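Visitor: I'd like to ask some things about the structure below.
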Amino acid sequence: MAKITFITSDEEKITVEAESGSVMELAVENDIQGIDGDCGGVCSCATCHVHVLPEFVEKIGEASEIEKDMLELDDHANEFSRLSCQISISPELDGVVLRVAN
Amino acid sequence: METEKQVCVVIGASHGGVNFAFSLRKEGWEARIILVDADPELPYHRPPLSKAFLTKPEGIENYLLKPKASYEKQGIELVLGQKVAKIDKANNNILLENGESLKYDKLVLSTGARPFIPAIEGLILSNNTFALRTAEDVNKIRAAVSEKQGSKVIIIGGGYIGLEIAASLKKLGCDVNILEREERVLARVTSSEMSSYFNQLHEENGVIIHTNKNVTSITKEKSHNTVVCADGSTFTADIIIVGVGIKVNKELAEDIGLKIENGISVNEFVQTSEKDIYAIGDCTFHFNPHYGRYVRLESVQNAVEQGKTAAAAICGRKVPFNIIPWFWSDQFDVKLQMVGLSEGYTEVLIREEEPHKRSAWYFKDDELLSVDAVNNAKAYVLGTKLIKEGLKVNKANLMNLSEPLNLQTLTTR
């Protein structure tokens with residue numbers, strides 16, 4: 001089980017938990033504003049963009065090449081950007097905080 | 001807000017209808033929102049149907065657009081498993097086939113499309129014959145496939161849906177043959193260069209593609225079918241899958257006299273010829289400002305974005321619909337991403353970085369119209385930016401593999 005906190009664009013903090021699946025799926029299941037996941041999680045739409053808080057970057061890991069390329073579609077992308085459909089939930093992610101990019 | 005007493009009814013609860021409903025709430029609509037669909041399942045993602053969902057023994061609940069609780073939380077009512085019989089425009093009423101009726105103040109048609117079933121003799125009566133548009137269709141195909149190890153599958157039609165199904169069923173161990181009427185697969189949707197690439201990809205993976213095959217009849221045998229083509233060739237099939245295109249679900253709109261062209265005609269706010277009725281998604285014939293022409297698009301993006309346009313317009317925020325269309329397809333380990341509309345291109349440039357990493361760039365003279373990118377998200381993203389900004393592409397640099405693919409090299413003069 002991992003508890004994950006999202007901070008939305010209006011500074012609302014929402015902590016939710018899951019055992020498996022992707023972070024995007026978790027966000028959609030919990031109506032996190034700003035995470036749409038229109039393509040269903042196949043890294044095709046870039047509508048699940050989050051900024052990982054610096055202290056959790058190492059834990060969550062780096063974006064893959066295709067993910068980095070897709071992130072360039074979004075003007076809000078920076079070194080902390082990830083597409084949340086590409087982050088798998090595991091117990092190691094417990095406690096991470098993600099800021100919704102849009 | 002005066003929307004308090006009003007009711008918004010949406011016919012069709014797929015990508016368009018569902019995203020519309022949630023957007024409408026977000027835009028401030030306080031009254032009832034009712035989503036009606038003939039499909040009994042909670043609304044789900046459609047693109048995985050021919051891809052991941054077809055290959056895995058799992059339920060459609062893993063592919064929901066929104067969890068059930070979200071509809072409840074947002075007060076979006078679902079009327080599922082119910083077909084709409086007709087719209088009674090004079091009384092602002094929707095009549096369901098079960099005899100019930102729903103009153104509306106605003107109506108949204110996100111009726112989508114259904115598979116086109118060609119008039120091939122014996123097709124409807126043949127054994128294990130399917131089209132693929134719904135979760136139920138996939139469940140039936142999976143059941144038929146699991147009946148027999150290495151089922152012989154004939155797919156009629158080599159478009160994206162046919163190729164995706166071929167790749168998925170090959171993964172499941174079927175013996176897959178595609179019969180395409182035209183001289184190449186994807187003939188209506190891409191260049192001959194991309195057609196040859198996909199032809200080769202499928203053959204490398206053991207799918208057999210037969211082009212110039214016009215299926216004329218199907219004979220039902222005891223346990224299988226014989227598929228007969230115009231040139232006299234015959235194929236044995238345990239399972240037949242028809243993927244030759246779609247028919248727009250426009251009948252409800254037609255019956256009440258809405259303007260119909262190649263789909264339900266809508267203006268820049270996706271409003272139909274009737275002021276309280278909007279239409280979104282695959283069923284609409286709409287203007288694309290970037291390309292300066294009317295189009296009908298079959299895509300998730302189009303459905304979602306038109307849903308947002310309709311929601312805003314109904315709540316008095318009129319933002320004209322304006323997108324650069326994008327699409328994707330996954331076949332075997334290949335990810336195809338497409339941006340723009342290539343129709344009317346005069347030149348196509350292929351940049352081949354690796355055998356399975358390439359991109360096709362479509363130009364009308366110097367204007368970049370669209371990009372098809374195979375395992376190449378960079379090309380897709382750059383294409384999107386260049387098309388959006390209307391930037392002129394340095395074609396020599398594009399074709400020079402020693403130049404990296406980036407905005408700077410592609411736009412230097």
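Visitor: So is A:Glu79 more than 11 Å from chain B (Cβ to nearest Cβ), surrounded by fewer than 16 Cβ atoms within 10 Å (Cβ to Cβ) and touching a residue at least 60 places away in the same chain (Cβ under 8 Å) or not?
Guide: Against the criterion (more than 11 Å from chain B (Cβ to nearest Cβ), surrounded by fewer than 16 Cβ atoms within 10 Å (Cβ to Cβ) and touching a residue at least 60 places away in the same chain (Cβ under 8 Å)), A:Glu79 does not qualify.
Visitor: Continuing with this model, one more query. Can you tell me which residues in the stretch B:199-224 are of a type in the set (Ser, Thr, Tyr) and under 29 Å from the mean Cα position of the chain (by Cα)?
Guide: Listed by number, the residues that qualify are B:Thr211, B:Thr216, B:Ser217.
Visitor: Same structure, new question: Within the stretch B:94-138, track down each residue that is assigned by TED's automatic domain parsing to the domain that holds B:Ser50 and free of Cβ contacts under 8 Å to residues at least 60 places away in the same chain.
Guide: Selection gives B:Leu95, B:Glu97, B:Asn98, B:Gly99, B:Glu100, B:Ser101.
Visitor: Go through the residues of the stretch A:38-52 one by one and say whether even a single one is within 14 Å of chain B (Cβ to nearest Cβ), polar (S, T, N, Q) and closer than 30 Å to B:Ile324 by Cα.
Guide: Looking through the stretch A:38-52, at least one residue is within 14 Å of chain B (Cβ to nearest Cβ), polar (S, T, N, Q) and closer than 30 Å to B:Ile324 by Cα.
Visitor: Still on this structure, I have one more. Among the residues of the stretch B:57-84, what is the count of those that are within 14 Å of B:Ala31 (Cα to Cα) and of a type in the set (S, T, N, Q)?
Guide: The qualifying residues number 1.
Visitor: To continue, here is another question. Right, B:Pro57: under 30 Å from B:Ser329 (Cα atoms) and away from chain A (no Cβ under 13 Å) or not?
Guide: Yes, satisfied.
Visitor: Within the group B:Val176, B:Val227, which residue is over 24 Å from the mean Cα position of the chain (by Cα) and surrounded by 22 or more Cβ atoms within 10 Å (Cβ to Cβ)?
Guide: That would be B:Val227, the only listed residue that is over 24 Å from the mean Cα position of the chain (by Cα) and surrounded by 22 or more Cβ atoms within 10 Å (Cβ to Cβ).
Visitor: Let me ask something additional. For the stretch B:181-193, does any single residue satisfy the condition of being touching a residue at least 12 places away in the same chain (Cβ under 8 Å), surrounded by 23 or more Cβ atoms within 10 Å (Cβ to Cβ), farther than 25 Å from B:Ala119 by Cβ and not basic (Lys, Arg)?
Guide: Yes, that holds for at least one residue.
Visitor: Right, next: All but one of (1) surrounded by 17 or more Cβ atoms within 10 Å (Cβ to Cβ); (2) outside the structural domain of B:Ser299 (by TED's automatic domain parsing) hold for B:Tyr71, so report the exception by its number.
Guide: (2)
Visitor: In the list B:Asp276, B:Asp282, which residue meets the criterion of being in contact (Cβ under 8 Å) with a residue 12 or more places away in the chain, crowded, with 23+ Cβ neighbours inside 10 Å and charged (D, E, K, R)?
Guide: The unique qualifying residue is B:Asp282.
Visitor: Moving on to the next point. Scan (1) more than 11 Å from chain A (Cβ to nearest Cβ); (2) under 21 Å from the mean Cα position of the chain (by Cα); (3) buried (at least 23 other Cβ atoms within 10 Å of the Cβ); (4) not acidic (Asp, Glu) for the single condition B:Val339 breaks and write down its number.
Guide: Here B:Val339 meets the rest and fails (1).
Quick grid of which residues meet (1) outside the structural domain of B:Asp105 (by TED's automatic domain parsing); (2) at positive phi; (3) crowded, with 16+ Cβ neighbours inside 10 Å; (4) touching a His at 6+ places or on another chain (Cβ under 8 Å):
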residue	(1), (2), (3), (4)
B:Gly75	no, yes, no, no
B:Val79	no, no, yes, no
B:Lys86	no, no, no, no
B:Asn92	no, yes, yes, no
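Visitor: Here is a list: A:Glu72, A:Glu65. Which entry is surrounded by fewer than 17 Cβ atoms within 10 Å (Cβ to Cβ), within 13 Å of chain B (Cβ to nearest Cβ) and within 23 Å of B:Lys357 (Cα to Cα)?
Guide: None of the other options fit; the residue is A:Glu65.
Visitor: Continuing with this model, one more query. Which condition number does B:Glu203 fail, the rest of (1) touching a residue at least 12 places away in the same chain (Cβ under 8 Å); (2) under 20 Å from B:Ile161 (Cβ atoms) being met?
Guide: B:Glu203 satisfies every listed condition except (1).
Visitor: Just for the stretch A:27-53: of the residues that are within 21 Å of B:Leu49 (Cα to Cα) and not in a loop (DSSP other than H, G, I, E, B), which one is nearest to the chain's Cα centre (by Cα)?
Guide: A:Val28
Visitor: Next up: Restricting the stretch B:339-386 to residues that are of a type in the set (A, V, I, L, M) and in contact with a Gly (Cβ under 9 Å, 6 or more places away or on another chain), which is nearest to B:Gln200 (Cα to Cα)?
Guide: B:Ala373
Visitor: Would you check which residues across the stretch A:22-74 are among the hydroxyl-bearing types (Ser, Thr, Tyr) and either at pLDDT below 95 or closer than 21 Å to B:Tyr380 by Cα (or both) and list them?
Guide: A:Ser44, A:Thr47, A:Ser64
Visitor: Going residue by residue through the stretch B:396-406, is there one that turns out to be without any contact (Cβ under 8 Å) to a residue 24 or more places away in the chain, out of contact with any strand residue (DSSP E or B) (no Cβ under 9 Å at 6 or more places or on another chain), within 14 Å of another protein chain (Cβ to nearest Cβ) and acidic (Asp, Glu)?
Guide: No, the stretch B:396-406 contains no residue that is without any contact (Cβ under 8 Å) to a residue 24 or more places away in the chain, out of contact with any strand residue (DSSP E or B) (no Cβ under 9 Å at 6 or more places or on another chain), within 14 Å of another protein chain (Cβ to nearest Cβ) and acidic (Asp, Glu).
Visitor: Among the residues of the stretch B:354-395, how many are in a strand (DSSP E or B), within 14 Å of chain A (Cβ to nearest Cβ) and of a type in the set (Ser, Thr, Tyr)?
Guide: Residues in the stretch B:354-395 being in a strand (DSSP E or B), within 14 Å of chain A (Cβ to nearest Cβ) and of a type in the set (Ser, Thr, Tyr): 1 in total.
Visitor: What do you reckon, is B:Ile277 assigned by TED's automatic domain parsing to the domain that holds B:Asn92 and either on the phi < 0 side of the Ramachandran plot or out of contact with any strand residue (DSSP E or B) (no Cβ under 7 Å at 6 or more places or on another chain) (or both)?
Guide: It is true that B:Ile277 is assigned by TED's automatic domain parsing to the domain that holds B:Asn92 and either on the phi < 0 side of the Ramachandran plot or out of contact with any strand residue (DSSP E or B) (no Cβ under 7 Å at 6 or more places or on another chain) (or both).
Visitor: Hey, another quick one. Taking B:Leu64, is it buried (at least 23 other Cβ atoms within 10 Å of the Cβ) and within 11 Å of another protein chain (Cβ to nearest Cβ)?
Guide: When the stated conditions are applied, B:Leu64 does not pass them.
Visitor: Here is a check on your reading of the model: is B:Pro47 within 11 Å of another protein chain (Cβ to nearest Cβ) and within 30 Å of B:Ser146 (Cβ to Cβ)?
Guide: Yes.
The values are calculated or read from the model by the stated rules, or taken from the named source; none is laboratory data. A quick note: this is a predicted structure, and the numbers were derived from the prediction, not measured. When we count neighbours, we look across all protein chains shown, and the Cβ atoms used for this are built from the backbone with ideal geometry, even at glycine.
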